[in-house]
Structure formats: C-alpha cells, structure tokens
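*Asks:* Dropping the structure in here first, questions after.
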Amino acid sequence: MTIPKEILDKMSSDKSMEWVEEHDSIHNLTEMPFDSVNQMNWWEMNCRIRKAFDTIQEEIKKSMQENKKISPRITSWVRIAQLAGCDRNTVKHPKRKFWTLKKREELIERLNRNEGSDNIQQQKNINIEESLKVKLEKSKKETARWLIESQDAKEKIKLLNRLINIKQGLIDEKDREIKELRERLKKMMQV
C-alpha cells in the first residue's frame with residue numbers, strides 16, 4: 001500500500017511521527033469520502049501510542065540508571081492511554097492489540113530484568129539488612145521495656161501481697177477481738 005499524501009506531508013514536518021506499515025495501514029478501504037480522514041486519524045493515534053510506549057521506555061531507562069524502584073503500574077494500560085491522550089480501549093483496540101500487547105510485554109520484561117540486575121539486587125540486600133538491623137534494635141528496646149515493666153509489676157505484686165497479708169492479719173485480729181467481745185457480752189447477759 002502506498003502512504004497517503006497527507007501522511008507523507010505530516011511525516012516530513014514532524015520527524016517523530018513515522019509510518020509502520022503493519023500497524024498503520026487500514027486494509028479494505030474503498031474510495032469513500034471519509035476513508036482518507038479515517039486513515040489519517042488511525043495513523044495519528046498509532047503514532048501517539050508509539051510515543052507513549054517510547055516515553056515509558058525512557059522513564060524505565062532513567063529509573064534504572066538512577067537505581068530507583070520502578071512501579072509495575074508504569075506499564076498499565078491506563079498509563080499508556082493517558083500518555084497517548086486516549087482511552088485504554090483505544091490502545092487495546094482489536095486491530096491494534098497484536099502490537100500494543102507485544103510492546104507492553106517487552107516493557108514488562110524489561111522491568112523484570114531490572115529487578116534481577118546485580119546492582120539493584122545488592123541495593124535490595126543492603127536495604128533488607130539495614131531494615132532487619134533496625135527491626136532488631138526496635139525489638140531489643142521493646143523487650144527491655146517489657147522486662148522492666150514486668151519486674152516493676154512483680155515488685156508491686158510482692159508489695160501488695162505483703163499489704164494484703166498485713167491487712168488480713170489486722171482483720172483476723174479484729175475478728176478475734178469482736179468474738180471475744182461477743183462472748184463477754186453473752187456472759188454479761190447471762191448474769
């Protein structure tokens with residue numbers, strides 16, 4: 001298929017917009033009045049989607065160079081559609097899906113390779129070791145705090161038990177006094 005003249009003109013003015021035959025040509029076009037407009041719109045949208053994929057690829061590359069953690073959401077259909085300025089269903093259109101799905105899978109594979117790089121793995125190991133050290137220190141402090149509180153509680157319990165024993169002794173003594181007084185009172189009443 002030959003590239004329509006309108007598209008050739010636009011490609012010459014904007015070098016970032018290219019023609020990819022297998023993606024961009026609409027087959028079975030007739031010479032209807034809106035066929036050229038439809039072809040132009042289809043091609044422009046495909047160019048915007050390709051630019052969105054290129055933008056995401058650049059973001060991944062930059063994040064990899066800076067050793068930043070990359071969220072898998074960067075390759076979501078919604079994100080791709082936002083960058084392309086369309087709806088995600090437009091990106092996943094059945095006539096586009098064969099190449100958009102492939103491009104997205106390539107990005108995801110690149111992300112997965114990034115997770116396995118030695119530099120990132122070492123960074124993760126260092127972060128894990130540091131976080132484990134921090135957790136260990138927190139656990140030690142927490143254990144020490146609970147040990148001190150436990151010892152304080154044991155001392156308080158001992159003190160309370162002594163007080164209870166003293167009070168119980170006083171109560172028993174008062175009970176004996178009351179019992180003696182009752183017995184004396186009985187004897188006095190009998191006389």
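*Asks:* Just add up the charged neighbours of Leu136: K/R +1, D/E -1, any other residue whose Cβ is under 14 Å from the Cβ of Leu136.
*Replies:* For residues surrounding Leu136, the net value is +1.
*Asks:* Run the numbers for Glu149 and Gln57: contour at 0.36 nm per residue of separation, minus the present Cα-Cα distance, in nm.
*Replies:* That works out to 27.5 nm of additional length.
*Asks:* With the crude spin-label approximation of a point 7 Å out along Cα→Cβ, what separation in nm comes out for Phe98 versus Lys68?
*Replies:* 3.6 nm
*Asks:* If you don't mind, another one. Return the subset of Lys69/Lys92; Lys51/Lys102; Lys69/Lys138; Lys68/Lys133; Lys51/Lys95 for which the Cα-Cα distance in this structure is over 20 Å, preserving the input order.
*Replies:* Listed pairs above 20 Å: Lys69/Lys92; Lys69/Lys138; Lys68/Lys133.
*Asks:* Sticking with this structure for a sec: Along Cα→Cβ, 7 Å out, is where each label goes; now give me the distance between the ones at Ser131 and Trp77 in nm to one decimal.
*Replies:* That separation, rounded to one decimal, is 3.1 nm.
*Asks:* Here's another thing I want to ask about it. Quick one: net charge around Met189, please, counting Lys, Arg +1 and Asp, Glu -1 for every other residue with C-beta under 14 Å from its C-beta.
*Replies:* +3
Every number in this text was worked out from the coordinates using simple rules, so none of it is lab data. Predicted, not measured: the structure shown is a model, and the values here were computed from it. Here Cβ is always computed from backbone atoms with ideal geometry, including for glycine, and neighbour counts include all displayed protein chains.
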